[in-house]
Amino acid sequence: MVEKTFRNLKIYDDYGSVSQEIIFNFEKEFDIKLPLSYISLVKKYNGVWFKESDFEYLSQNGKRIISSLSFDSFETKDNIEPMNNILRQYIYDDEIYGYKNVYSFGYTGNGDFVCFDYRDDPKGDEPKICIVIHDEYDEKTGKRLLLPVAENFEAFLDMLYDFDERYPNGYE
């Protein structure tokens with residue numbers, strides 16, 4: 001069996017390819033430009049599951065947090081009404097607790113949102129990557145807690161690792 005990869009990341013499974021038209025319609029719907037590396041990924045591997053799905057970020061108090069990523073997916077003829085449909089933008093669409101110019105592309109095992117953060121450059125195509133905590137709130141703004149993860153999507157992909165390979169004896 002030939003192992004599928006994207007860059008150096010091993011692929012367990014995916015929902016197949018996504019047409020450029022579907023991606024373009026998503027960009028048009030939200031008036032954004034997705035990162036080229038993200039487009040390259042989802043065009044071939046919609047809703048991808050990487051073996052290297054773990055990443056780390058710092059909590060509000062500076063504690064290192066390990067999380068696992070699952071990608072949202074685009075609806076296609078092979079992926080009808082996906083449970084994790086990328087069109088469901090719970091952060092962007094939430095006028096009270098959400099953020100304008102922040103769009104989720106994945107989620108973690110405990111329900112947090114992994115997002116493209118266009119707040120610094122709404123018309124750019126290399127947004128920062130952030131995590132929006134689903135059940136914690138920023139005391140200053142009252143919105144869901146948003147924490148930085150990576151400078152862009154490429155840097156985020158570089159952060160992904162396999163927990164079992166990195167910590168063969170468990171996390172200590």
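The values are calculated or read from the model by the stated rules, or taken from the named source; none is laboratory data. Predicted model only: the values in this text are computed from it and were never measured. Ideal geometry is used to build each Cβ from the backbone, glycine not excepted, and the neighbour counts take in all protein chains shown.
Scanning region 118-172 for residues that are basic (Lys, Arg) and without any contact (Cβ under 8 Å) to a residue 40 or more places away in the chain yields a total of 3. Take the conditions (1) among the hydroxyl-bearing types (Ser, Thr, Tyr); (2) at pLDDT below 90; (3) loosely packed, with under 15 Cβ neighbours inside 10 Å; (4) touching a strand residue (DSSP E or B) at 6+ places or on another chain (Cβ under 8 Å); Tyr137 misses just one of them, which is (2). For region 107-132, a residue qualifies if it is among the β-branched types (Val, Ile, Thr) and in a loop (DSSP other than H, G, I, E, B), but none of them does. In region 43-66 there is at least one residue that is under 16 Å from the mean Cα position of the chain (by Cα), under 25 Å from Lys123 (Cβ atoms) and modelled with pLDDT of 95 or more. Whenever a residue of region 81-109 is acidic (Asp, Glu), its partners that are surrounded by fewer than 20 Cβ atoms within 10 Å (Cβ to Cβ), lying with C-beta atoms within less than 8 angstrom and at least six residues away or across chains, give the pairs Glu81/Glu75. Kindly establish whether Ser37 is over 19 Å from Leu160 (Cβ atoms) and touching a helix residue (DSSP H, G or I) at 6+ places or on another chain (Cβ under 9 Å). In short, no.
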